[in-house]
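Note sheet for the following structure.
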Amino acid sequence: MAYLSTTKFKDIGKAIKIFDADRNFTISIRGLMLHLLLTSLGIIVYLTFARCLFSQWLFFLMDDKEMSPEKRSFSKIILVLITIFWPLIVPFAYLELLKFHRKYNKEIDLLRN
């Protein structure tokens with residue numbers, strides 16, 4: 001079990017010693033703060049993208065007037081799951097979109113012109 005101990009109170013801004021049963025190592029306060037900052041930034045980016053994607057997908061879900069109530073409730077469950085796992089879903093959806101675009105490239109160009 002690891003415990004936290006400071007080397008000297010006047011040097012508390014420089015390093016914190018963490019003792020483990022197998023090894024001793026030192027982590028700087030700056031390193032800990034950088035780790036905390038990057039973790040917080042990652043969480044903020046994840047939640048921001050999740051909120052944006054959820055609102056867009058919810059808009060598309062509610063815009064479909066022909067969907068039955070049973071399918072709509074199932075789609076809401078899927079919407080929540082997709083919102084949670086968007087870092088896995090979005091790249092695969094983009095790859096599928098690229099595959100579709102390559103397959104029907106000529107037809108898409110004809111429709112544009």
*Evaluate region 78-98: report whether one residue or more is modelled with pLDDT of 90 or more, open to solvent by 90 Å² or more (accessible area, probe 1.4 Å) and not in a helix (DSSP H, G or I).*
yes
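Looking only at residues in region 40-67 that are farther than 22 Å from Pro91 by Cα and surrounded by 10 or more Cβ atoms within 10 Å (Cβ to Cβ), which one is modelled with the highest pLDDT? Write out each step before concluding.
Going through region 40-67, the residues farther than 22 Å from Pro91 by Cα turn out to be 40, 62-67.
Still in the list and also surrounded by 10 or more Cβ atoms within 10 Å (Cβ to Cβ): 40, 62, 64, 67.
Details: Ser40: 96, Met62: 88, Asp64: 86, Met67: 88.
Looking at the filtered set, the residue picked out is Ser40.
The values are calculated or read from the model by the stated rules, or taken from the named source; none is laboratory data. Remember, it's a predicted structure, so these values are computed and weren't measured experimentally. Here Cβ is always computed from backbone atoms with ideal geometry, including for glycine, and neighbour counts include all displayed protein chains. Keep in mind that these areas ignore ligands, DNA and RNA; they rest on the heavy atoms of the full protein, side chains included. Shrake-Rupley method; radii C 1.70, N 1.55, O 1.52, S 1.80 Å.
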